[in-house]
Amino acid sequence: DLLAGYRSYDLLYGGIDLVRRDVFGVGHVAEIRASQSFRSTEGYLSYSIPDAFAEDLTVYSIGEFLRREEVSFIRREFRSGVGIRKVFTGSGHQAGVRYSYEVLRADDAPLDPRVRSGSPGDQPDVGAITLDWSMDRRDSALNPRSGYQLTANLETALPEFGGGSRYLRPDVSAS
């Protein structure tokens, strides 16, 4: 697929999204997406193995890259992760757990004197585990006319997970 559009900060963007289904003839799915705008470069790669260890259980890996020119600095993000997701057939429920490791950088960012860090410009990496759940009761995923979708995520980052950050980020959405 070709991607094109307008974002309020990035302005115009364009890109490609390539999806290969049934990789190696065994049902695996690979996706590569790349986009470029006036202010950012993004890349995404995923590989999924459906019914990996049990029926309706998908194992997947992801990799992401972002370079974006913010107002006062340049943001660089590298993210990789592995996860497992269970689909509960007939109920519309899905649940999963994912481990991700992120390298986050803010080049030329002004230092905040209120933040105490080990050294000037210290930018720790992030190791996190995310629990997610969703329920989809829409009549169509592509063109829904009735129903609803609920999602909940809980991301926990700790130094014990391989990074230098510590936080808890809940996220709930409905549509």
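The values are calculated or read from the model by the stated rules, or taken from the named source; none is laboratory data. From a predicted model like this one, the values you see are computed outputs, not experimental measurements. Reconstructed Cβ throughout: ideal geometry from the backbone, glycine too, with neighbour counts over all protein chains shown.
Points worth noting:
- Residue ID - nearest to TRP133 (Cα to Cα), chosen from residues in segment 155-175 that are surrounded by fewer than 15 Cβ atoms within 10 Å (Cβ to Cβ) and among the hydrophobic types (A, V, I, L, M, F, W, C): VAL172
- ASP108 vs. criteria in contact with a strand residue (DSSP E or B) (Cβ under 7 Å, 6 or more places away or on another chain), without any contact (Cβ under 8 Å) to a residue 40 or more places away in the chain, surrounded by fewer than 12 Cβ atoms within 10 Å (Cβ to Cβ) and on the phi > 0 side of the Ramachandran plot: yes
- Contact map, segment 153-175: first residue of a type in the set (Ser, Thr, Tyr), second residue surrounded by 15 or more Cβ atoms within 10 Å (Cβ to Cβ) and part of a loop (DSSP other than H, G, I, E, B), Cβ cut-off under 6 Å, separation 6 or more or different chains; pairs are SER165/PRO124.
- Across segment 54-110, the qualifying residues are those that are assigned to a loop (DSSP other than H, G, I, E, B) and among the charged types (D, E, K, R), and the one among them that is nearest to ASP132 (Cα to Cα) is ASP56.
- Residues of segment 5-16 that turn out to be assigned to a strand (DSSP E or B) and either at pLDDT 95 or above or small (Gly, Ala, Ser) (or both), as a count: 4
- In the set TYR60, TYR44, TYR6, TYR99, only one residue is in contact with a Leu (Cβ under 9 Å, 6 or more places away or on another chain) and among the hydroxyl-bearing types (Ser, Thr, Tyr); that residue is TYR6.
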